[in-house]
Amino acid sequence: MSNKYHLIFDFDGVIGDTFDILWAVSQQHATDPTLEDFLAHHDGNVYEEPRLQFPMGAQDLFVGAYTERLGPSHVQMATPHIKHLASEYILHIVSSNAEAPLLAVLEESGLRACFASVYGMETHRSKVAKFKMILTSAKLDPSEVLFVTDTLGDVREAAVVGISTIAETFGFHNRERLVQGNPYKIVDTWDEIMSEVETFFKEKSIS
């Protein structure tokens, strides 16, 4: 069994620079969305507490439109950091999005092998449940795991299972929104993510 620590990532807004895609697709397929509706949609679980409303059948159209627009350029900024982190830690993705487009862009970008698991909405619509799957399968204590995300809702779901979160501000939510979830750290850049991940796990190895 590996003695590496486990690091979980959200995809949209973190690995994938997809705010513009998802906002545009939401404007196409949601019912009269405002930008605040879009942001508030991610204050909790997007399936259990939706702020955006979609007509019957719109989900498949939404995923199709997202898939058509998503490409390697959207993960370009994250790519070198993910490759480095994969050499140090066991990485996972926990997303509310469909798995197929994420797997496709990771494969196309040479990142698929960096992740031990990629869990999207098909696996479960609750991130709490998906966190528990990772903890159970790897026999992990939540205190030994770190999650990187960009939304208040994700911070809240991670807290339910006792997982600490680095929340970044270059994705969907700003610092003022993220602080409401009391994450472990709030950062503004990938360099800060890298530094805080190292610090978090170094403290674990000392203790």
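The values are calculated or read from the model by the stated rules, or taken from the named source; none is laboratory data. Just so it is clear, the structure is predicted and the values come from calculations on it, not from any experiment. All Cβ positions, even for glycine, are placed from backbone atoms using ideal geometry, and neighbour counts span all protein chains on display.
In summary, helices (runs of 4 or more DSSP H) completely within region 38-112 and bearing 2 or more residues that are out of contact with any His (no Cβ under 6 Å at 6 or more places or on another chain) and not assigned by TED's automatic domain parsing to the domain that holds Phe147 occur at 58-69. Put simply, of His29, His6, His42 the only residue that is farther than 25 Å from Leu135 by Cα and surrounded by 18 or more Cβ atoms within 10 Å (Cβ to Cβ) is His29. Identify the single condition in (1) free of Cβ contacts under 8 Å to residues at least 12 places away in the same chain; (2) buried (at least 21 other Cβ atoms within 10 Å of the Cβ) that Asp150 does not satisfy, given that it satisfies every other one. Against the list (1) free of Cβ contacts under 8 Å to residues at least 12 places away in the same chain; (2) buried (at least 21 other Cβ atoms within 10 Å of the Cβ), Asp150 comes up short only on (1). Do you know which residues across region 17-37 are of a type in the set (A, V, I, L, M, F, W, C) and either more than 22 Å from the chain's Cα centre (by Cα) or in a helix (DSSP H, G or I) (or both)? Those that are of a type in the set (A, V, I, L, M, F, W, C) and either more than 22 Å from the chain's Cα centre (by Cα) or in a helix (DSSP H, G or I) (or both): Phe19, Ile21, Leu22, Trp23, Ala24, Val25, Leu35.
Quick check on this structure: which one of Ser109, Ser96, Ser143, Ser126 is buried (at least 18 other Cβ atoms within 10 Å of the Cβ), closer than 26 Å to Gln180 by Cα and not basic (Lys, Arg)?
Residue meeting the stated conditions: Ser96.
Scan region 77-88 and tell me whether some residue there is touching a Ser or Thr at 6+ places or on another chain (Cβ under 8 Å) and touching a residue at least 40 places away in the same chain (Cβ under 8 Å). Looking for residues that are touching a Ser or Thr at 6+ places or on another chain (Cβ under 8 Å) and touching a residue at least 40 places away in the same chain (Cβ under 8 Å), one finds none in region 77-88, hence no. Looking across region 29-56, the residues that are in contact with a Lys or Arg (Cβ under 7 Å, 6 or more places away or on another chain) and without any contact (Cβ under 8 Å) to a residue 24 or more places away in the chain come down to Asp37, Ala40, His41.
Here His84 passes the criteria (1) more than 29 Å from Glu196 (Cβ to Cβ); (2) of a type outside the set (Val, Ile, Thr); (3) touching a helix residue (DSSP H, G or I) at 6+ places or on another chain (Cβ under 8 Å) except the one numbered (1). Of all residues in region 1-22, exactly one satisfies the criterion of being without any contact (Cβ under 8 Å) to a residue 40 or more places away in the chain and either polar (S, T, N, Q) or closer than 12 Å to Phe62 by Cβ (or both), namely Asn3.
Taking region 165-180 as the range and being in a loop (DSSP other than H, G, I, E, B), touching a residue at least 12 places away in the same chain (Cβ under 8 Å) and not small (Gly, Ala, Ser) as the test, the residues that pass are Thr169, Phe170, Phe172, His173.
Taking the conditions (1) at pLDDT 95 or above; (2) over 26 Å from Arg177 (Cβ atoms) in turn, Pro55 satisfies each one other than (1).
Just one of the listed residues (Val179, Val187, Val161) is more than 24 Å from Leu22 (Cβ to Cβ) and either at pLDDT 95 or above or of a type outside the set (Lys, Arg) (or both), namely Val161. Residues that are touching a Lys or Arg at 6+ places or on another chain (Cβ under 9 Å) and outside any helix (DSSP H, G or I) within region 150-164 comprise Thr151, Val161, Ser164, listed in sequence order.
Would you confirm whether any residue within region 117-136 is within 19 Å of Met77 (Cα to Cα) and either touching a helix residue (DSSP H, G or I) at 6+ places or on another chain (Cβ under 8 Å) or in a helix (DSSP H, G or I) (or both)?
Checking region 117-136: not a single residue is within 19 Å of Met77 (Cα to Cα) and either touching a helix residue (DSSP H, G or I) at 6+ places or on another chain (Cβ under 8 Å) or in a helix (DSSP H, G or I) (or both).
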